[in-house]
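*Asks:* Got a structure here, written out as structure tokens. Questions coming.
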Amino acid sequence: MTDSLKNRPPGTRYLSGKKEGIFFLAAIFFKKIEDTVLVSLLIGMIGLAVVQIFLRNGMDAGILWGDSLIRVLVLWIGLAGAMAASRNDNHIRIDVISRYLPSAAKQFTTLFIHLFTAGVTFLLAWHSFVFVRMEMADGYMAFGRVPAWACESIIPIAFLVMCLRYTAFCADHLMTYFSSNRP
């Protein structure tokens, strides 16, 4: 594998011919968007929590919907963080056996793990989409005039993004395997 391919984001090494290819540029663009959203959500949550604490302790008041919004922001930050972790294949894993496997076996176990992860995240995306649709039909309000489905909409989006990433990792592994085993 050439040095320019090693420096590319996982899942985009062999999906485009050049470092400036559309998949590489899209990965960089979405990384910046994800990081911006994650930082903005975190700053907003911390700021709202500080304001709530100040209002409660200093003025015996508070924002009526503040605690509910903080709970929603925790959900959004958690799933945005999971998307960011999946971008570099840094999800939580129990890795006991693979360090003792030979290199060829590691390739297949990694491919299997990525296939399994893509399948699980697809199922989670699908069922969370069904859940959000049911919440939309129910008309339940999370706080104020904000519907619950809007607060929960991050769930299917995050799992779909993770599914697409792990599908790209699978394609990357297959392309790596077939390009390195050419006669």
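*Asks:* What is the one condition in (1) farther than 30 Å from L64 by Cα; (2) among the aromatic types (F, W, Y); (3) at pLDDT 95 or above that F131 does not satisfy?
*Replies:* If we test F131 against (1) farther than 30 Å from L64 by Cα; (2) among the aromatic types (F, W, Y); (3) at pLDDT 95 or above, just (1) comes out false.
Residue-wise test of (1) part of a loop (DSSP other than H, G, I, E, B); (2) hydroxyl-bearing (S, T, Y); (3) modelled with pLDDT of 50 or more; (4) loosely packed, with under 14 Cβ neighbours inside 10 Å.
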site	(1), (2), (3), (4)
M1	yes, no, no, yes
K19	yes, no, yes, yes
F30	no, no, yes, no
I33	no, no, yes, yes
V37	no, no, yes, no
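*Asks:* In the stretch 49-66, how many residues are surrounded by fewer than 14 Cβ atoms within 10 Å (Cβ to Cβ) and either more than 30 Å from the chain's Cα centre (by Cα) or within 21 Å of A142 (Cα to Cα) (or both)?
*Replies:* Of the residues in the stretch 49-66, 10 are surrounded by fewer than 14 Cβ atoms within 10 Å (Cβ to Cβ) and either more than 30 Å from the chain's Cα centre (by Cα) or within 21 Å of A142 (Cα to Cα) (or both).
The values are calculated or read from the model by the stated rules, or taken from the named source; none is laboratory data. For clarity, every value in this text was computed on a predicted model and none was experimentally measured. Every residue, glycine as well, gets a Cβ built from its backbone with ideal geometry; the counts of neighbours run over all protein chains shown.
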